[in-house]
Amino acid sequence: MDPSNYSTLHVFILLGFSDHPHLEMILSGVVTFFYIITLVGNTAIILASLLDPHLHTPMYFFLRNLSFLDLCYTTSIVPQMLVNLWGPEKTISSVGCIVQLYVYMWLGSIECLLLAVMSYDRFTAICKPLHYLVIMNPRLCVKMIVMVWGISLANSVILCTLTVNLPRCGHNILDHFLCELPAMVRIACVDTTKVELSVFALGIVIVLTPLILILISYGYIAKTVLNMKSKAGQQKAMNTCGSHLTVVSIFYGSIIYLYLQPGNRASKDQGKFLTLFYTIITPSLNPLIYTLRNRDMKDALKKLMMFYHRFAKIRRN
């Protein structure tokens, strides 16, 4: 009988860490904690950069997009993850699973490309400061964001469609706590070499190509910074670029280890923890990384807090 007849299922069972109930309890608390930080931190960055006229620049335009992306990214994953970790019913409908897969891959691809765009912005600001506002004009910034979202959507549609159409012969148990692409590929009952090669090839385009561009940009930035005569200028450039490089290192490191290994050699538990790291912890760290070393953002956040206290005082009165 044609195995594709069995590929359509009503629900998927998400195993998560079912063999370790105590670990699931700990992880549910960790996920909730970092999710709250993500919501508060990224929302604060968006509001502060919108309310402060001094932050209406290309750099903060892209930072607002990154914060908005992190909010969407975690919100599309965390509720289902918490249900899986807390609840006795570790299931998700087939439609919900497929939607989560598409959205998860789309938003993850956006972050890869957006970090590359942000590195180009820093390259232009530091290496071509006199032409910065002319080059990074509002029209170009919007075009770049639209291009990032569009390319990422195409990548998600291609990879996820290939994965969803794999025959599963009635297999509906995912050894994960969300519908992630490697977990979906594992339950296929046919040879998945072509799909894995497609994932690897598009991974090079979406992950490695932006990473190479980022490294080239920072090579030029480092050369320019070292030639600066002003120590204050050097320190400011290093603070801004250091924050971005920290985010790049954390995000790309886990993505490359998980997705760009031939045959997906990362163990199942390693894959689960890595997924947890770059989908939950990294978005919560971004606000801290970008604000702790950024004086302008600190000042904007102070103004936001003052505005909030004044508003709260008026409401009480």
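Worth a mention:
- Test: residue in segment 45-55 that is surrounded by fewer than 21 Cβ atoms within 10 Å (Cβ to Cβ) and at pLDDT 90 or above: yes
- Residue ID - nearest to the chain's Cα centre (by Cα), chosen from residues in segment 42-74 that are assigned to a helix (DSSP H, G or I), among the hydroxyl-bearing types (Ser, Thr, Tyr) and closer than 24 Å to Tyr132 by Cα: Ser67
- Number of positions in segment 33-43 that are closer than 13 Å to Leu304 by Cα and either out of contact with any helix residue (DSSP H, G or I) (no Cβ under 6 Å at 6 or more places or on another chain) or of a type in the set (Ser, Thr, Tyr) (or both): 2
- Test: residue in segment 81-91 that is within 30 Å of Val117 (Cα to Cα) and either exposed (fewer than 14 other Cβ atoms within 10 Å of the Cβ) or modelled with pLDDT of 85 or more (or both): no
- Inter-residue pairs, beta-carbon under 9 Å, first within 24 Å of Ser93 (Cβ to Cβ) and in segment 181-197, second among the acidic types (Asp, Glu) and in a loop (DSSP other than H, G, I, E, B), 6+ apart: Ala183/Asp175; Arg186/Asp175; Ile187/Asp175
- Test: residue in segment 226-241 that is more than 22 Å from Phe61 (Cβ to Cβ), of a type in the set (D, E, K, R) and in contact with a Ser or Thr (Cβ under 8 Å, 6 or more places away or on another chain): no
- Residue ranges of helices (runs of 4 or more DSSP H) in segment 180-262 with at least 2 members of a type in the set (Ser, Thr, Tyr), modelled with pLDDT under 80 and crowded, with 16+ Cβ neighbours inside 10 Å: 231-259
- Yes/no for Arg265 being farther than 27 Å from Met105 by Cα and at pLDDT below 80: no
- Considering residues of segment 124-179 that are more than 26 Å from Val83 (Cβ to Cβ) and among the basic types (Lys, Arg) only, the residue surrounded by the fewest Cβ atoms within 10 Å (Cβ to Cβ): Arg139
- Ala312 vs. criteria crowded, with 20+ Cβ neighbours inside 10 Å, at pLDDT below 80 and in a helix (DSSP H, G or I): no
- Residue in segment 115-123 that is surrounded by fewer than 14 Cβ atoms within 10 Å (Cβ to Cβ), part of a helix (DSSP H, G or I) and not basic (Lys, Arg) present: no
The values are calculated or read from the model by the stated rules, or taken from the named source; none is laboratory data. Here the structure is a predicted model, which means the values were calculated and not measured. Every residue, glycine as well, gets a Cβ built from its backbone with ideal geometry; the counts of neighbours run over all protein chains shown.
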